[in-house]
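Structure, as structure tokens:
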Amino acid sequence: MMKRTLLMPSLSASLFYKEIDLLQPISFDKVFQFERFNSLCNGFVRLGRYSDLSNRTQVFELQKGSGRKWTIERDLDQLREFSKEPYDGYEVIRILGKNPFLWHDHWPVKDYAKVFDCLVLVEEISKEADKVVSKIREMGRRVGSKAVFSQNASNSEGPSSLPMPYIAVHMRIEKDWMIHCKKLEQRFNISQICSSKEEIIGRVGNIAGLKTPMVVYLAVADSLLEDNSILNGWKEGLLPFEKKKLGVMGIYNKYPYLFQSAIDYEVCLRANVFVGNSFSTFSSLIALERTLKMIKMGITTSCGKDVTWPSYAYNILGELNGPQRWMTDMSDSSLHAISYGTKDVSC
Ligand SMILES: Nc1nc2c(ncn2[C@@H]2O[C@H](COP(=O)(O)OP(=O)(O)OP(=O)(O)O)[C@@H](O)[C@H]2O)c(=O)[nH]1
Ligand SMILES: [Mg+2]
């Protein structure tokens with residue numbers, strides 16, 4: 001709308017409170033393919049680099065509003081105004097404020113989701129994810145798991161030609177989360193946010209139709225875990241692996257925090273079944289991308305039993321004491337559900 005280019009800010013490599021010494025900025029193009037983004041998102045979003053600016057000193061500062069009086073209309077009016085004279089003469093406009101992006105996140109989810117088609121990981125990271133996924137599938141072959149759901153067995157190609165299925169469980173039980181989630185429960189006045197390790201393990205074990213034995217990949221930030229016993233207590237036939245047991249610590253330890261979670265994100269995205277916490281941004285974005293994948297395959301009513309890329313929220317109780325089936329509501333008119341979390345996961 002403003003016919004402008006978004007100068008990409010750097011991402012943070014690590015968590016502020018934990019590893020201050022490792023707090024280095026990481027530029028966007030270390031994680032995602034930059035040119036690819038622009039070509040795929042042509043006409044929707046365009047990214048730019050600071051180094052491409054001809055004049056970095058002449059910056060106009062645009063102050064965004066906040067609070068209840070700052071409506072969607074005012075937000076849009078301000079953006080329109082800034083695409084005209086005299087502001088259009090400035091090469092750079094710096095948007096300032098506590099909520100510099102459209103306050104209230106009032107983009108429809110389906111518009112926002114277009115950006116995921118443009119975000120392609122750099123080869124280095126996707127290759128690391130390939131390695132982890134192969135390791136998981138190799139474990140699956142060793143334990144002889146055959147297919148996720150019984151109906152897959154009727155596939156004419158036969159199980160041997162199919163890649164070994166796995167479930168990825170994003171166990172959001174790390175230290176930083178425990179600090180945060182109790183406060184969230186108080187603020188939203190609900191008790192379905194902080195699932196304990198036992199609750200997660202119990203509910204995943206109750207997912208109906210899972211073919212066992214089956215490898216369960218535990219996507220956790222190991223260095224932030226205070227409880228190392230996440231491998232115990234799983235239902236018979238579910239074979240839990242974290243990074244150490246899988247033998248992939250070497251892959252992750254080469255990288256800072258941000259990259260580690262990016263690799264795991266990809267591993268969860270590709271899993272046959274994903275189970276996460278609907279109040280985690282990490283989980284919510286995976287559920288969203290998996291929903292998009294299903295929509296592309298022509299599946300719109302995703303809540304049936306035979307869905308190809310099922311996701312579940314373990315923090316919400318579903319059928320038969322299992323986790324609740326989870327699909328992102330693409331017609332939602334606010335990003336709230338996917339950016340701050342929700343207990344109303346559809347299905
Ligand atoms: N650092 C790290 N994070 C991981 C890993 N595997 C999964 N994660 C998850 O990646 C997320 C990283 O945390 P944040 O940087 O706070 O990301 P976020 O998008 O705010 O996600 P939430 O805090 O879960 O809402 C957490 O949800 C972690 O559980 C890993 O190997 N390393
Ligand atoms: Mg977080």
TODO: Starting from the Cα-Cα distance between residue 27 and residue 3, subtract it from 0.36 nm times their residue separation and give me the gain in nm to one decimal.
DONE: 6.3 nm
Task: Column: log10 I(q)/I(0), Debye, Cα scatterers of the chain, q = 0.06, 0.07, 0.13 Å⁻¹ - done: -0.25, -0.34, -1.12
Task: Rounded to 5, percent antiparallel among DSSP beta bridges of the chain - done: 30
- [ ] Calculate the spin-label point distance for residue 300 paired with residue 95, positioning each point 7 Å from the Cα along the beta-carbon direction, and give it in nanometres.
- [x] 3.1
Open item on the list: Just to confirm the number: angle between the C-alpha axis of helix 72-81 and the first principal axis of the chain, 0 to 90 degrees, nearest 10?
Closed with: 50
Open item on the list: Of the candidates 65, 97, 322, which one comes out as most mobile in a Gaussian network treatment of the chain with C-alpha springs shorter than 10 Å?
Closed with: 97
Open item on the list: Exposed loop sites here are chymotrypsin sites (Phe, Trp or Tyr not before Pro) in DSSP loop states with at most 10 other C-beta atoms within 10 Å. What is the longest stretch of the chain lacking them?
Closed with: 18-347
Task: Degrees separating the helix 175-188 axis from the principal Cα axis of the chain, which is the longest one - done: 70
TODO: List the residues whose amide H sits under 5 Å from the amide H of residue 7, counting only those 5 or more places along or on another chain, with H placed 1.01 Å from N in the peptide plane.
DONE: 48
- [ ] With a cut-off of at most 12 other beta carbons within 10 Å, and DSSP calling the residue loop, which GluC sites (Glu not before Pro) in segment 190-272 qualify? Please list them.
- [x] 226, 236
Task: Modelled FRET efficiency - R0 30 Å, residue 80 with residue 331, Cβ distances, 0.05 increments - done: 0.70
Task: Selected from 68, 49, 137 as most flexible by GNM, with the chain as the system and alpha-carbon contacts under 10 Å - done: 68
TODO: Report the full-extension gain for the segment residue 72 to residue 176: residue separation times 0.36 nm, less the Cα-Cα distance, to one decimal in nm.
DONE: 34.1 nm
TODO: Quote the charge dipole size of the chain about the Cα centre in Debye, to the nearest 20; the model charges only the Cβ of Lys and Arg (+1) and of Asp and Glu (-1).
DONE: 360
Open item on the list: Set the bar at 28 Å for Cα to Cα. Now go through 110/135; 98/175; 30/131 and name every pair that lies beyond it.
Closed with: 110/135
TODO: Relative to the longest principal axis of the C-alpha atoms of the chain, give the angle of the C-alpha long axis of helix 281-296, reported between 0 and 90° and rounded to the nearest 10°.
DONE: 80
TODO: Keeping all protein chains in place, calculate the accessible area per residue for segment 198-316 (probe 1.4 angstrom), answer in Å².
DONE: 38
Task: For the chain, calculated [θ]222 nm from helices alone, where every DSSP H run of n ≥ 4 adds -39500 (n - 2.57) - done: -9500 deg cm²/dmol
Task: Relative contact order of the chain, defined on C-alpha pairs under 8 angstrom at six or more residues apart (%) - done: 18
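The values are calculated or read from the model by the stated rules, or taken from the named source; none is laboratory data. Remember, predicted model here, so these are calculated numbers, not experimental data. In this analysis, Cβ positions are derived from the backbone assuming ideal geometry, glycine residues included, and neighbour counts consider all displayed protein chains. These accessible areas exclude ligands, DNA and RNA; they are computed on the full protein's heavy atoms, side chains included. Shrake-Rupley method; radii C 1.70, N 1.55, O 1.52, S 1.80 Å.
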